[in-house]
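None of the figures in this text is laboratory data; all of them are computed from the coordinates on show. Everything numeric in this text was worked out from a predicted model, so none of it was measured. Cβ coordinates were reconstructed from backbone atoms using ideal geometry, including for glycine residues, and neighbour counts include every protein chain displayed.
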Amino acid sequence: MAFRASHLLGIEHLHPTEITTLLDLADRYAEDNRLGRPHRDVLEGLTQINMFFENSTRTQASFEIAGKRLGADVMNMAMQASSIKKGETLIDTALSLNAMRPDLLVVRHPNSGAVDLLAQKVNCAVLNAGDGKHEHPTQALLDALTIRRAKGRLHRLSIAICGDVAHSRVARSNIMLLGKMENRVRLVGPPTLLPSGIEHFGVEVFHDMREGLKDVDVVMMLRLQKERMDGGFIPSEREYFHRYGLDAEKLSYAKDDAIVMHPGPMNRGVEIDGTIADDINRSVIQEQVEMGVAVRMAAMDLLARNLRAKRGAKAAGVMV
Amino acid sequence: MRILFENAQLIDPEAGTQTLGSLMVEDGFIVDGGGAADQTIDCRGKCLAPGIVDIGVKVSEPGERHKESFASAGRAAVAGGITTIVTRPDTIPSIDTPETLEFVERRASTDAAVNVLPMAALTKERAGREMTEIGFLMDAGAVAFTDCDRVVTDTKVFSRALTYAKSCGALVIGHVQEPILSKGAAVTSGKFASLRGLPGVSPMAERMGLDRDIALLEMTGAAYHIDQITTSRALPALERAKANGLDITAGVGIHHLTLNELDVADYRTFFKLKPPLRSEEDRLTVVDAVATGLIDIISSMHTPQDEESKRLPFEEAASGAVALETLLPAALRLVHAGHLDLPQLFRALAFNPAKRLGLSCGRLAVGAPADLVLFDPDASLKLDRFKLKSKSKNTPFDGAMLQGKVIATYVGGVNKTESLTDA
């Protein structure tokens, strides 16, 4: 089965073979990127709009580079600065943009479900670049590609996701993707930072970091938002680092060849020790950033193929 | 004018019976059956029950007439077999003075096709700081006092208001919810909330709110009705309070009896309610509590919202659903599923709410007003929200199959279904 979706809104509705199709293509793009071989014909003549209702530097840059390497005309819109301030609703913004006939719409929004809502109102392919605490599918896909390249496979691995799972869309997408690919997922963190009902997610839950990391293949750290640090969810930054920060001692409980991941941006000394983050034998954090571009190229390539097929069929008067 | 309803399945919630028979109405009241009739209505074996008394209907007048007016709410009520609507004071401005209450009564009496009984706010501007003129408002016709979905957080203010209300013989209606724990919540916490990344509230917040209010009732002895009990955790506390002889009753909205949290699916904002939809286990326990009578009253919790306030990301969308027209067909799902029989259903829809407000309707007894609904419990219909009589179309039942159809609604012996179609 090929990749059938017309949008990339989340991991939830993707089939395992669709994930594999996408990762295979991304792998090829990753190699070509290293060889400095762009593919400017893939999205030639297509317009990509990056609509970020929430601040982002790296994700937006990654999508922009991915689009440009494939030859799309890329435009960035900083939505905080524009019409939202003037009271325009999300749907009106979407309808106005839709009228400009973009082909690919990359959206980040602070509300869960906002990207789904927007996708219902436009005729182009929509990519979710993160919605509230819901999903961040390209992050999960780039993590999966990184794991697959480092470990040689993406199944039957033991993976610990550590830290602020409750507020993390990255964690949700990763739990779903890694579960679909038949891995054992562990969640490690203080109970105040784990979402309710987590026991029904098909994961193992640990409140003790050392127990949670025991014999895992992959340690995936999550970013702890500054505003959650002081007394609200955890007592203090230093207590958090002491109990849940990744350092060499805690990492020693994982397998000897376990890799360390972080979606960035990192808080060194809060959730991760700087020397671990920089250890080229363990940390694949830079590779994650590199794979981000490749995965986004693959996602846009596949969606554009489906979009062109749909438009072609429409032009030929065929019902799809 | 004597009208004889014959060949009807008479649903008598007071006696708890359902029998084939006839009912005589004279000059707007139910009378003894003997003697000749001026008009005979053949009910063809369909059900004749006391008209529904719906506590907690939001008519968006004054303030947001584009969402619902007394005229449109009245038409919707007639279509839904509701003969008395008890309106909420959470309008713009709030109904918190005798003057605003009189405006409501004036509008209602000229525009609405059914009986309208207004409630007034318990505190000024529903702000939870100072109590309203409860005495004056009662003189002006307020049947109960409520700040609707706002909890009076200051327990001193609330206990004084309860004490004062008791001295006036006023009924207070409250919303039980721990306001700080439930702050910002859009759904019930749990697996679904976490999957969708939506802020959730623990069902325990309802229990905590109820526990507080029960303590204040023990202190003040006031007459108190809870607008909605939606979780199983709250039921033992309610049961104890009733056993201890407190003057307490409880209601539940129709959506919490017929839908659960999973119906929200992919962020469908028409399913965003306050309190949020609960788990299926909670729903079933609450349905059971209605059957046993622990929960006394079923309401529509009719809350009109325009398209604009619903076409937003889930967290930002407005809460509430319209339900005047779907209340009876949706409630009949509980009958068809075997949870309740028809007399039990109308005990919760008509008899108990009328009794709680001291009204003489809600019964099929001689001397009661002839507020009646004639309906076919089996007729099916696929709901099209744009055919609703309400000005707002925010129903979660759009496209759903509903079984049960109102044939005619009589208010004071007058067929309002007919007169509205004629007009």
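Key figures for this structure:
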item: Relative contact order computed over region A:207-320 (Cα-Cα under 8 Å; 6+ residues apart), in percent; result: 27 percent
item: Phi-based couplings in Hz for region B:215-225 (Karplus 6.51, -1.76, 1.60; Gly and Pro marked x); result: 4, 5, 5, 4, 6, 10, x, 6, 7, 9, 10
item: Within a Gaussian network of chain B (alpha carbon springs, distance under 10 Å), most fluctuating of B:ALA337, B:ALA205, B:ALA37; result: B:ALA337
item: Spin-label model distance (nm) - B:LYS124 vs A:ASN281, 7 Å beyond Cα toward Cβ; result: 7.4 nm
item: Order of B:PHE270, B:PHE136 under a 10 Å beta carbon neighbour criterion, fewest first; result: B:PHE136, B:PHE270
item: With Cα atoms, 0 to 90° folded angle of helix B:280-292 axis to chain B main axis; result: 50 degrees
item: Debye, to nearest 20: dipole size of chain B, +1 on Lys, Arg Cβ, -1 on Asp, Glu Cβ; result: 760 debye
item: At 0.692 mPa s and 37 °C, Stokes diffusion of the protein assembly as shown via Kirkwood alpha-carbon radius, µm² per second; result: 115 µm²/s
item: Cα centroid separation, region B:293-360 to region B:46-66 (Å); result: 10 Å
item: Choice from A:LEU177, A:LEU117, A:LEU307 showing the highest fluctuation, given a GNM over chain A with Cα pairs closer than 10 Å; result: A:LEU117
item: Peptide B:313-322, shielding by other chains (average Cβ, 10 Å cutoff); result: 4
item: GNM flexibility winner over chain A from A:TYR29, A:TYR253, A:TYR244 (Cα, springs under 10 Å); result: A:TYR253
item: Neighbour-count ranking [beta-carbon atoms within 10 angstrom, fewest first] of B:ARG107, B:ARG240; result: B:ARG240, B:ARG107
item: Chain B: C-alpha pair distances exceeding 37 Å, %; result: 18 percent
item: Region A:71-199, Cα convex hull volume normalised per residue, Å³; result: 145 Å³
item: Ratio of Rg to Rh over region B:112-210 (Cα coordinates, Kirkwood Rh, two decimals); result: 1.10
item: Cβ crowding within 10 Å averaged over residues, with B:271-284, B:38-51 ranked highest first; result: B:271-284, B:38-51
item: Cα centroid separation - region A:97-174 against region B:368-406, whole Å; result: 41 Å
item: Neighbouring partner chain Cβ atoms per residue of B:188-195, average, 10 Å criterion; result: 6
item: Partner chain coverage, peptide A:109-122 - average Cβ within 10 angstrom; result: 5
item: Chain A: relative contact order in percent, alpha carbon pairs under 8 Å with at least 6 residues between; result: 20 percent
item: Label-to-label distance, nm, for residues given as B:ASN244 and B:THR153 (7 Å Cα→Cβ offset); result: 2.5 nm
item: Amide proton proximity set for A:LEU194, modelled H, under 5 Å, gap of 5+; result: A:ALA166
item: Filter on A:LYS121/B:LYS191; A:LYS121/A:LYS151; B:LYS156/B:LYS274; A:LYS314/B:LYS67; A:LYS226/A:LYS250 - keep pairs with C-alpha separation over 32 Å; result: A:LYS121/A:LYS151; A:LYS314/B:LYS67
item: Ascending count of other beta-carbon atoms within 10 Å, so fewest first, for B:THR421, A:THR21, A:THR146, B:THR153; result: B:THR421, B:THR153, A:THR21, A:THR146
item: Dipole of region A:205-320, positive end: most advanced residue of A:PRO263, A:MET297, A:HIS242 [Cβ charges, Cα centre]; result: A:MET297
item: Separation of alpha-carbon centers, region A:271-320 and region B:110-189, rounded to whole Å; result: 54 Å
